[in-house]
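Encoded as structure tokens, the structure appears first; notes follow it.
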């Protein structure tokens, strides 16, 4: 079946660009000590604390291309503005926000940071996205609420995050465990990462299941079950000056068995590429 390619300009903040744009906030030089929502800097011990009345903010733009898992859906291209704001108590990046909790110092170069998080995820599809989805009910994106913790140490940053669907679309949950490390050389920061993302059965069933009334010849009813996606990725950030930075991010995700088994899906993995620019005031 031939694949289509779709282009959408989205003013929310898709996960594809969310994680990639964080490298703009963790670049070398004057940005080397900045924090980010999901992927904080490795040098936790030198990370400065903002005073009660201090704040940082920036604006930029990002674009990304990601393979879609659904048969015939092809790739999706997304372009969005970036908005960043941070003070001592909150951090906002695009459609993600974090309420910072007190940090726990474990030693000279080791600490734990905690936060309560809210994100908007653009998962889902419309029946017109691919022929295999014809006659399916639309699956919509959700607002996710939860909490995260990151262990900063000299070797790598180890992070964990739990999120639940607060909008009631899928009523699902997800848990992500990731490891990343920054390697800095002059104005460049290279950050490899690996992660595992557990998705519960409600999440998988909503986005990849087929209800009885949606089943057709060649598209049997399918009840999703919990599964784990695994990801490897690489971000390269470049600091132009004390205010400007750019990034490129590539990643590959191995889909979990319960997603690959869906009659809506014809691939076992997804790849993505994103680029962006941020100006920090």
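Need the failing condition index for residue 36 against (1) surrounded by 15 or more Cβ atoms within 10 Å (Cβ to Cβ); (2) at pLDDT 60 or above, just the number.
Result: residue 36 fails condition (2) only.
Out of segment 195-215, which residues are closer than 15 Å to residue 123 by Cα and either at pLDDT below 95 or assigned to a strand (DSSP E or B) (or both)?
Scanning segment 195-215 gives 197, 199.
Scan 112, 116, 93, 99 and give me the residue that is closer than 26 Å to residue 146 by Cα and crowded, with 21+ Cβ neighbours inside 10 Å. Give the steps one after another, and end with the answer.
Numbers: 112 fails: crowded, with 21+ Cβ neighbours inside 10 Å; 116 fails: crowded, with 21+ Cβ neighbours inside 10 Å; 99 fails: crowded, with 21+ Cβ neighbours inside 10 Å.
Every option except 93 fails the conditions.
Out of everything in segment 216-241 that is touching a strand residue (DSSP E or B) at 6+ places or on another chain (Cβ under 8 Å) and part of a loop (DSSP other than H, G, I, E, B), what residue ends up being nearest to residue 186 (Cα to Cα)?
Ranking the qualifying residues of segment 216-241, first place goes to 240.
Given the condition under 30 Å from residue 110 (Cβ atoms) and without any contact (Cβ under 8 Å) to a residue 60 or more places away in the chain, answer yes or no: does some residue in segment 123-135 qualify?
The answer is no; no qualifying residue exists.
Being surrounded by 16 or more Cβ atoms within 10 Å (Cβ to Cβ) and within 29 Å of residue 83 (Cβ to Cβ) narrows it down to one of 233, 224, so name that one.
233
For residue 172, which of the numbered conditions (1) surrounded by 19 or more Cβ atoms within 10 Å (Cβ to Cβ); (2) touching a residue at least 60 places away in the same chain (Cβ under 8 Å); (3) under 26 Å from residue 194 (Cα atoms); (4) in contact with a helix residue (DSSP H, G or I) (Cβ under 8 Å, 6 or more places away or on another chain) fails to hold?
Among (1) surrounded by 19 or more Cβ atoms within 10 Å (Cβ to Cβ); (2) touching a residue at least 60 places away in the same chain (Cβ under 8 Å); (3) under 26 Å from residue 194 (Cα atoms); (4) in contact with a helix residue (DSSP H, G or I) (Cβ under 8 Å, 6 or more places away or on another chain), residue 172 violates only (2).
Tell me, yes or no, whether segment 253-265 has at least one residue that is in contact with a strand residue (DSSP E or B) (Cβ under 9 Å, 6 or more places away or on another chain), part of a strand (DSSP E or B) and over 25 Å from residue 60 (Cβ atoms).
Taking every residue of segment 253-265 in turn, at least one turns out to be in contact with a strand residue (DSSP E or B) (Cβ under 9 Å, 6 or more places away or on another chain), part of a strand (DSSP E or B) and over 25 Å from residue 60 (Cβ atoms).
Being at pLDDT 95 or above, buried (at least 16 other Cβ atoms within 10 Å of the Cβ) and either closer than 28 Å to residue 58 by Cα or under 22 Å from the mean Cα position of the chain (by Cα) (or both) is the requirement here; does residue 219 meet it?
For residue 219, the condition - at pLDDT 95 or above, buried (at least 16 other Cβ atoms within 10 Å of the Cβ) and either closer than 28 Å to residue 58 by Cα or under 22 Å from the mean Cα position of the chain (by Cα) (or both) - is not met.
Out of the residues in segment 254-281 meeting the condition of being in contact (Cβ under 8 Å) with a residue 40 or more places away in the chain and within 18 Å of residue 226 (Cβ to Cβ), tell me which one is surrounded by the most Cβ atoms within 10 Å (Cβ to Cβ).
Ranking the candidates gives 259 first.
Quick one: residue 101 ticks every box in (1) within 19 Å of the chain's Cα centre (by Cα); (2) modelled with pLDDT of 90 or more except a single one, so which number is it?
Of (1) within 19 Å of the chain's Cα centre (by Cα); (2) modelled with pLDDT of 90 or more, only one is false for residue 101: (1).
Conditions first: (1) touching a helix residue (DSSP H, G or I) at 6+ places or on another chain (Cβ under 7 Å); (2) more than 30 Å from residue 209 (Cβ to Cβ); (3) loosely packed, with under 15 Cβ neighbours inside 10 Å. Residue 240 passes all but one, so which condition is the exception?
Looking at each condition in turn, residue 240 falls short on (1).
The values are calculated or read from the model by the stated rules, or taken from the named source; none is laboratory data. Since the model is a prediction, treat every value here as computed from it, not as a measurement. A quick note on method: Cβ atoms are made from the backbone with ideal geometry, for glycine too, and the neighbour counts reach across all protein chains shown.
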